[in-house]
Amino acid sequence: MGAEYRIDPETGEWRIVAPERAGRPSDIAGGGEAQCPFDPGHEHMTMPEVLRVPAGRSEPWRVRVVPNRYPILDGGGEWPAATGLHEVVIESPRHDGDLRSATPGAVLEVLTAMRDRCRTIRRERRPAAIVVFRNHGAAAGTSLRHPHSQIIALDQAPPGLAGRWERAREFHERTGRRLHDDEAARERSDQVRVVHDAGGILVYQPRAAAVSHETVLLPDDEAAGLADASDEALKTMAGSLPAVASALAAVRDDPAYNLVVHAGPATGPDAARWYRWHIGLYPRVSRRAGLEIATGLGVNPTVPEKTAPILRAAFRSAVREPSSSAPPAPR
Ligand SMILES: [Zn+2]
C-alpha cells in the first residue's frame, strides 16, 4: 500500500496515511543505530544525491540533498493518492553538528542548496506547494540525530495551507497591503516582542504565539517563497538563524523544535504581491491537550511580551560569543 490522503469527515482536515514511514531507521528511539546513513563514507546508504555542495567531487561534500528513502508522499496509494516529492537536506558532514553551532557561511550554503532545489522542483514538477522544514529533537519528530532538513513538494495544497494563503490574499485585496508588512510594522511599533531588528531582518515573537518562544524570522525580501529569495535575504537569514537557535537552547535547555519555512503557492505569478516568505520556529515545550483537540484552541502558558525580552538578551550574548559552548542560562 502506498501513501494516500484521507479526509476527516467532521473537520475536513486531510491526513496522509503513509505506511512506508514505519520502516525508517532511527538512532534516537531505540538505543542508537550502528551506521548513520548521513555520515561521510556512508553515501551508498542514501538514495543517489540530487545536489551536492561543492558540485565537484575533488573536494569532500559539505551539503548533500537526497530523495527520502522513506517518503511521506509516494503516490502509490488509493485515490486520492498523496503525490509529491520528499527530499532530505544533509546540512553537514558532521554527525554531531547543529544549527546553533553552525557558522553563518555554512548555514548560507544550506539555504542556498534549499533554494536551488525549490527552483528545480518548481520548474520540473509544478507542485502546488513546497514545504521546507527542520525537526530538532525526538519530541519534534526527528528520527535521525545527524543535522538535516526536509523538502516536501505537494501536488495538492491541503486546506490548512490554502486557508493561510487565502487570508493573506484577502487581506491584500481589502487593504492593498501585505499582511506581513502590517505585522512587521506593528511589531516595530510595539517593540516589546522584537528579538532582533537589524541588517535586513526582523526577528520577533508573534502576539498570538501558539507555544512558548514561538519565534518568527522575517527578512526584508520581496519574495513569496524560498525559490525566489534574494541572495541578500538568504545571507541575513543565515546570519541570524544560528544565534536564534543558540538563544532558544540557552533559555529553554535545548528544547526540541520544528523550524518551518512559510511560503506562498509554489507556482502562480502574483503571490509575491500578497505573501512574504519567513521562517517560524516552534519549540516543543508543551503538549497538545484535550481543549486543543476538541476546539483547535492552542493554550500558550507564557506571554510573548515576557518571553521575547528573555530571548533578546540570549540572542545578544549568542551574537557576541558565537559557539556551541555557551552554557545554558537559567530559565
Ligand atoms: Zn551522522
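The values are calculated or read from the model by the stated rules, or taken from the named source; none is laboratory data. Everything numeric here is computed off the predicted structure, so don't read it as measured data. What goes into the accessible areas is simple: the full protein's heavy atoms, side chains included, and nothing from ligands, DNA or RNA. Shrake-Rupley method; radii C 1.70, N 1.55, O 1.52, S 1.80 Å.
Structure remark: mean-square fluctuation, Gaussian network model of the chain, C-alpha springs under 10 Å; the largest value among Ser286, Ser246, Ser230 belongs to Ser286. Across segment 51-68, rounded Karplus estimates of 3J(HN,Hα) from the backbone phi angles (6.51 cos²θ - 1.76 cosθ + 1.60, θ = phi - 60°) give 7, 9, 10, x, 5, x, 8, 6, 10, x, 6, 10, 9, 10, 10, 9, x, 5 Hz, Gly and Pro being marked x.
The amide H of Leu202, built 1.01 Å from its N in the peptide plane, has Leu218, Asp220 as neighbours under 5 Å, considering only residues 5 or more places off or on other chains. Largest GNM mean-square fluctuation across Ser26, Ser240, Ser212, computed for the chain with C-alpha springs under 10 Å, falls on Ser26.
In summary, segment 234-296 shows an alpha-carbon radius of gyration equal to 1.49 times the 2.2 N^0.38 Å reference for compact globular proteins. Remark on Val131: its backbone amide H falls under 5 Å from those of Ile152, Ala153, Leu154, a criterion applied only to residues 5 or more positions apart or on other chains, H modelled at 1.01 Å from N.
When all protein chains stay in place and ligands, DNA and RNA are ignored, the 1.4 Å accessible-area order of Trp165, Trp14, largest first, is Trp14, Trp165.
In this structure, the amide hydrogen of Val63, modeled 1.01 Å from its nitrogen in the peptide plane, lies closer than 5 angstrom to those of Val53, counting only residues at least 5 positions away or on a different chain. For the options Gly290, Gly105, Gly97, a Gaussian network treatment of the chain with springs between C-alpha atoms closer than 10 Å singles out Gly290 as fluctuating the most. Membrane-span-like helices of the chain, defined as complete DSSP H segments with a Cα extent of 30 Å or more along the helix axis and a mean Kyte hydropathy of at least -1.0, are identified as 104-125, 231-252. Taking a ≥ b ≥ c as the square roots of the eigenvalues of the Cα gyration tensor, the chain is rounded, since a/c falls below 1.5.
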